[in-house]
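The values are calculated or read from the model by the stated rules, or taken from the named source; none is laboratory data. As the structure is a computational prediction, the values presented were derived from the model and not from experiment. When we count neighbours, we look across all protein chains shown, and the Cβ atoms used for this are built from the backbone with ideal geometry, even at glycine.
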């Protein structure tokens, strides 16, 4: 039973879902800008913004996870997050290297300090070189760009799909949390059938998939929407 105080609190899962959708769209747009860019002086700035967007899609998923109480919902979203991290390894460290350039460019960033503890022979110069964000191509045709940061290589061509799939996974876990069990397989099926927009915006038999308290007006997180189709 929810108290009056609980009713006045913002819904963390709904807010997380709305922000995940927004940042996943930012990922899609930035990935396209990276592909359209010409030369390293343009590729890297666009890639920097892509890393920020990817990190915030993941942050939104973590926000949703921390708001959930139902074990089945938490389990399926935890699994989805693990798959996201496997598809795009190192985005947290990569974003940190971009955001905290004042530390990483000097070899004293958080990940670099951890590396120095395990290998004290490493110099700050070596660590700065190791964690410099580098743009490159995985193929001679230059169709599959990637970023190298520290020990991680992030495939830019996989970014948009991984981000939008995670949004659909958040939606499915939220449905499970609400009492309507929705499997990860169902989320993936809808994702692959309708890659152009996330599952919770589809209208399939049951009507609106959007959280009920975001149906109109202002969402829990303060984002104004004219209709249920806009987060």
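Details
- Condition check for residue 53: in a helix (DSSP H, G or I) and at pLDDT below 95: no
- Some residue of the range 29-49 being over 21 Å from residue 143 (Cα atoms) and in contact (Cβ under 8 Å) with a residue 12 or more places away in the chain: no
- Of all the listed residues (99, 129, 79, 141), the sole one being out of contact with any strand residue (DSSP E or B) (no Cβ under 6 Å at 6 or more places or on another chain), loosely packed, with under 14 Cβ neighbours inside 10 Å and touching a residue at least 40 places away in the same chain (Cβ under 8 Å) is 79.
- Filter result for residue 69 (over 26 Å from residue 30 (Cα atoms), part of a helix (DSSP H, G or I) and in contact with a helix residue (DSSP H, G or I) (Cβ under 9 Å, 6 or more places away or on another chain)): no
- Count of residues meeting criterion [more than 20 Å from residue 42 (Cβ to Cβ) and at pLDDT 90 or above] in the range 108-151: 24
- Against the conditions (1) surrounded by fewer than 22 Cβ atoms within 10 Å (Cβ to Cβ); (2) modelled with pLDDT of 95 or more, residue 167 satisfies every one except (1).
- Selection over the range 32-47 of residues that are touching a strand residue (DSSP E or B) at 6+ places or on another chain (Cβ under 8 Å) and surrounded by 15 or more Cβ atoms within 10 Å (Cβ to Cβ) gives a count of 5.
- Condition met for residue 29 (buried (at least 16 other Cβ atoms within 10 Å of the Cβ) and either in a helix (DSSP H, G or I) or touching a helix residue (DSSP H, G or I) at 6+ places or on another chain (Cβ under 9 Å) (or both)): no
- Exclusive hit being farther than 30 Å from residue 188 by Cβ, without any contact (Cβ under 8 Å) to a residue 12 or more places away in the chain and surrounded by fewer than 17 Cβ atoms within 10 Å (Cβ to Cβ), set 123, 105, 114: 114
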